[in-house]
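K.L.:
Mind looking over this structure? Questions follow.
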Amino acid sequence: MDERYQEWVGALRAGRFDRAWQISDALLRERATRGGSKHDGPRRHQQIWRGEPFEGARVLLRCYHGLGDTIQFIRFAPQLRARARELIVWCQPNLVGLIAGVRGVDRVVPLHDGTPEVAYDVDIECMELPHALRVGDDVGSAVPYLRAGFEPHGGREDELHVGLVWEASDWDRARSVPLEAIAPLTKLPGVRLYSLHPGAMTGALPIEDISEDGIDRVAARMHGLDLIVTVDTMTAHLAGALGLRVWTMLRAQCDWRWESTGETSRWYPTMRLLRQQRSGDWAAVMRDVRDGLCRLAQAKAARRRSGET
């Protein structure tokens, strides 16, 4: 791995955004001297912004990475729009509905394999926004910045209603928790579990599937839950961006955005981070989840008893 990239990641993990942007500035200068097309090669590796000013411009925000990345970095739309004349977001089709409601977004166009069929003056990829806007460590101050409706789940009011996602995408299966590790959670008194992951296999476990292919529908159903427990996937970002209570289970070598230690996230104030201590060992994480669910279920039951007397 490139030494500068390692330093950049280390700076972001430590919350030293000023140092990370210094490294990004140096790379930006190198790209400017090389010239050439900025849209060559795989989209995920394209570095698009070349330092062009946003003031008074029609800006096209390209969302070329994962769904979670788009959700995480769309928080900066209001800051970008404060400089631009118009902000057009070219994003994944299943996020169009949610992104259209973000403050600062003027238009949303579904992403496809061709070129954007809109006129613009400046373009930038969504993960380049923190550098371009020179953001500081107050990145969580905008939460919540996504809005969704409300869909009731129909469960009993005296239960703790918990949404689960235990499978990550195929490109990084090390983020997934085995289904057998989830099984003990189904036996906790006063806790009712719901699957939020479309197509997830629950076996014979009593986990009700309330997942939806439409992310806006998933968001609406999440609003009816007491808690979301998820691995590092889109659901974690969605819950965090909505300002919902969420516990995110992380593998030992987790992504830079979750830092290296601690239970809190600078990106999502309502999120608790639960970390593997050894690679591949989810046992301690699941014990923390189990104990935490028991405490929440007992507290909810106590509140209901107090309200009934």
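K.L.:
Out of (1) among the aromatic types (F, W, Y); (2) surrounded by fewer than 20 Cβ atoms within 10 Å (Cβ to Cβ); (3) at pLDDT 95 or above, what's the single condition that is false for W256?
P.N.:
Here W256 clears every test but (3).
K.L.:
Suppose the filter is more than 22 Å from the chain's Cα centre (by Cα), loosely packed, with under 15 Cβ neighbours inside 10 Å and either of a type outside the set (D, E, K, R) or not in a helix (DSSP H, G or I) (or both); does P189 pass it?
P.N.:
Details: more than 22 Å from the chain's Cα centre (by Cα): yes; loosely packed, with under 15 Cβ neighbours inside 10 Å: yes; either of a type outside the set (D, E, K, R) or not in a helix (DSSP H, G or I) (or both): yes.
Judged against the criteria, P189 is a match.
K.L.:
Just one of L146, L87 is in contact (Cβ under 8 Å) with a residue 40 or more places away in the chain and crowded, with 17+ Cβ neighbours inside 10 Å; which is it? Walk me through how you get there before you give the answer.
P.N.:
Working: L87 fails: in contact (Cβ under 8 Å) with a residue 40 or more places away in the chain.
Testing whether each residue is in contact (Cβ under 8 Å) with a residue 40 or more places away in the chain and crowded, with 17+ Cβ neighbours inside 10 Å leaves just L146.
K.L.:
Of the residues that make up the stretch 42-52, is at least one loosely packed, with under 15 Cβ neighbours inside 10 Å and without any contact (Cβ under 8 Å) to a residue 12 or more places away in the chain?
P.N.:
yes
K.L.:
Another question about this same structure. If P78 meets every condition in (1) surrounded by fewer than 17 Cβ atoms within 10 Å (Cβ to Cβ); (2) not in a helix (DSSP H, G or I) apart from one, which number is that one?
P.N.:
Status for P78: all satisfied but (2).
K.L.:
Let me ask something else. Can you work out which of the residues in the stretch 259-282 that are at pLDDT 95 or above, hydroxyl-bearing (S, T, Y) and part of a loop (DSSP other than H, G, I, E, B) is nearest to V139 (Cα to Cα)?
P.N.:
Here the residue is Y268.
K.L.:
Still on this structure, I have one more. Taking the stretch 92-129, which residues are surrounded by 16 or more Cβ atoms within 10 Å (Cβ to Cβ), part of a loop (DSSP other than H, G, I, E, B) and not hydrophobic (A, V, I, L, M, F, W, C)?
P.N.:
Q92, G104, Y120 - these are the residues of the stretch 92-129 that are surrounded by 16 or more Cβ atoms within 10 Å (Cβ to Cβ), part of a loop (DSSP other than H, G, I, E, B) and not hydrophobic (A, V, I, L, M, F, W, C).
K.L.:
With the checklist (1) part of a strand (DSSP E or B); (2) over 21 Å from the mean Cα position of the chain (by Cα) in hand, flag the one item V89 doesn't pass.
P.N.:
V89 satisfies all of (1) part of a strand (DSSP E or B); (2) over 21 Å from the mean Cα position of the chain (by Cα) except (2).
K.L.:
Here's something else I'd like to know. Which pairs turn up if I take residues in the stretch 284-300 that are in contact (Cβ under 8 Å) with a residue 24 or more places away in the chain and look for partners that are small (G, A, S) with beta carbon separation below 6 Å, at least 6 apart in sequence or on another chain?
P.N.:
Close Cβ pairs (under 6 Å, with a partner that is small (G, A, S)) amount to M286/A181; A297/G190.
K.L.:
Need the failing condition index for V246 against (1) buried (at least 16 other Cβ atoms within 10 Å of the Cβ); (2) more than 16 Å from the chain's Cα centre (by Cα); (3) not aromatic (F, W, Y), just the number.
P.N.:
V246 satisfies all of (1) buried (at least 16 other Cβ atoms within 10 Å of the Cβ); (2) more than 16 Å from the chain's Cα centre (by Cα); (3) not aromatic (F, W, Y) except (2).
K.L.:
If D69 satisfies all but one of (1) at pLDDT below 90; (2) closer than 30 Å to I215 by Cβ; (3) among the charged types (D, E, K, R), what's the number of the condition it fails?
P.N.:
D69 satisfies all of (1) at pLDDT below 90; (2) closer than 30 Å to I215 by Cβ; (3) among the charged types (D, E, K, R) except (1).
The values are calculated or read from the model by the stated rules, or taken from the named source; none is laboratory data. Worth saying up front: this structure is predicted, and the values here are computed from it rather than measured. A quick note on method: Cβ atoms are made from the backbone with ideal geometry, for glycine too, and the neighbour counts reach across all protein chains shown.
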